[in-house]
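First comes the structure, then the notes that go with it.
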Amino acid sequence: MTRIGILSEFDVSSSWARSTNLHHMVQAVASLCDAIVPYGPLQARGDRLRGALATASRRLRPEGRYSPHYSLRRGRRLAHSAREHFERDPTDLVLAPKGSAITAHLELPVPLVYESDATFALLEGYYPSATGLSARSARAAHELERRSFARASALVFHTRWAAESAIRDYGADPAKVHVIPIGANLDPRELPGPDALAQRSVEGPCRLLFVGVEWERKGGPQALAALDALTRKGIDAELTVVGCAPPPGVHHPRLRRARYLSKAVPTERRELMRLFSEATFLLVPTRAECFGCVFAEASAWGVPSLTTFTGGVPEVVEDGVNGFTLPLEATGEDFAERIARLLEDPARYAALVRTTRARYDAEFTWEVWAQRFGERVLAPLLGERSG
């Protein structure tokens, strides 16, 4: 009987988790073993105080701010808590998604698998949340990564972009580094079949869908500029924004706001699925992105993505297959030109819809992820028990 433990600072059974890739990953791992044992949500003594200090630091020192997540002392306390959980209910292997804060000081008598979409070396100066940290927090973040990568039995990353950083920036052993793209956070039973996909066309309004919780980082201004350029060309286009609100004063007669829609709430999930089903393109000209699960989700609906060549995105959106990546410096006019050319060629758009869905089926389902994780990670570490 194979049992796998899941280390997390979050409750993997919560309604919030059910709308994230953490929940889907746990379900995929569950299909490969006899039992899943959640070790968490893990907390360290003093977390509430550290959170208050971090809030004050953001207000008083936007540059050189303190981060409660990147703390060696907190890492030791999390590791102690994780070890206590394990000793109360041992498993054959432990998986730690994005768990460097937990695993850096964790010693276990069973294989430990670390999983993530990036390294701190990639995030620093790239993601707003990892920019402007104090020297102490940054040093701690790098040390947590280095120790975690050295301690893990296997390292699983979503992209080569992240995997290569683990090897290059932290000296991770290439033999234990694996690249396995995650799946889309969707219920396959809700996805369109071949007949529905065949009905997608460029007839009618060009419906652009922008999905993201950070307007600036996800390229909201560029998406809005693309909408403006399309309407100036006389193209009947509209842009629906999901997940965030444009800043006050940002208006356009063809801009639609759909607020944040949680997949954990049935009515909101259905609304999000409706928007995907009606979209002509997903338009997310992101400024910084590790993977971009929304591109995998759009692919599941046969919706081509228009985005930027940055971070791990080019490994998710393959030019001419499930969308196009434009240079990071591309303007709204550049995106509008690409969209206009596709709208002028219905046959090319129809073919793009088909290859978009085919890429999802081949690369971005959790069934595919589970198969790869089982073959590349569990089988070598657990042998016959992984079967």
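The values are calculated or read from the model by the stated rules, or taken from the named source; none is laboratory data. Keep in mind that this is a model prediction, so the values were computed, not measured. Heads up, the Cβs are rebuilt from the backbone with ideal geometry, glycines too, and the neighbour counts pull from every protein chain shown.
Counting only residues that are within 23 Å of Y70 (Cβ to Cβ) and surrounded by 18 or more Cβ atoms within 10 Å (Cβ to Cβ), which one in region 24-49 is modelled with the highest pLDDT? Only one residue tops the list, namely Y39.
Of all residues in region 332-356, those that are at negative phi have Cβ atoms under 6 Å from Cβ atoms of residues that are outside any helix (DSSP H, G or I) and β-branched (V, I, T), 6 or more apart or on another chain, in L343/V202; P346/V202; Y349/V202; T355/V321.
Is there a residue in region 297-306 that is charged (D, E, K, R) and in contact with a His (Cβ under 9 Å, 6 or more places away or on another chain)? No, there is no match, as no residue in region 297-306 is charged (D, E, K, R) and in contact with a His (Cβ under 9 Å, 6 or more places away or on another chain). Residues in region 137-166 that are of a type in the set (S, T, Y), buried (at least 22 other Cβ atoms within 10 Å of the Cβ) and over 22 Å from V368 (Cβ atoms): S148 alone. Return yes or no: is A362 in contact (Cβ under 8 Å) with a residue 24 or more places away in the chain and either assigned to a loop (DSSP other than H, G, I, E, B) or not hydroxyl-bearing (S, T, Y) (or both)? For A362, the condition - in contact (Cβ under 8 Å) with a residue 24 or more places away in the chain and either assigned to a loop (DSSP other than H, G, I, E, B) or not hydroxyl-bearing (S, T, Y) (or both) - is not met. Could you list all residues from region 118-142 that are more than 21 Å from R73 (Cα to Cα) and among the hydrophobic types (A, V, I, L, M, F, W, C)? Those that are more than 21 Å from R73 (Cα to Cα) and among the hydrophobic types (A, V, I, L, M, F, W, C): A118, L122, L123.
For region 348-373, give me each residue that is farther than 25 Å from E190 by Cβ and either small (G, A, S) or at pLDDT below 95 (or both).
Start the filter on region 348-373 by keeping residues that are farther than 25 Å from E190 by Cβ, which leaves 348.
Within region 348-373, none qualify.
Quick check on region 287-296. Is at least one of its residues closer than 25 Å to G234 by Cα and in contact with a Phe, Trp or Tyr (Cβ under 7 Å, 6 or more places away or on another chain)?
Filtering region 287-296 down to residues closer than 25 Å to G234 by Cα leaves none.
The answer is no, given that none of the residues of region 287-296 is closer than 25 Å to G234 by Cα and in contact with a Phe, Trp or Tyr (Cβ under 7 Å, 6 or more places away or on another chain).
Just one of the numbered conditions (1) assigned to a helix (DSSP H, G or I); (2) acidic (D, E); (3) under 21 Å from the mean Cα position of the chain (by Cα) is not true of D334: (3).
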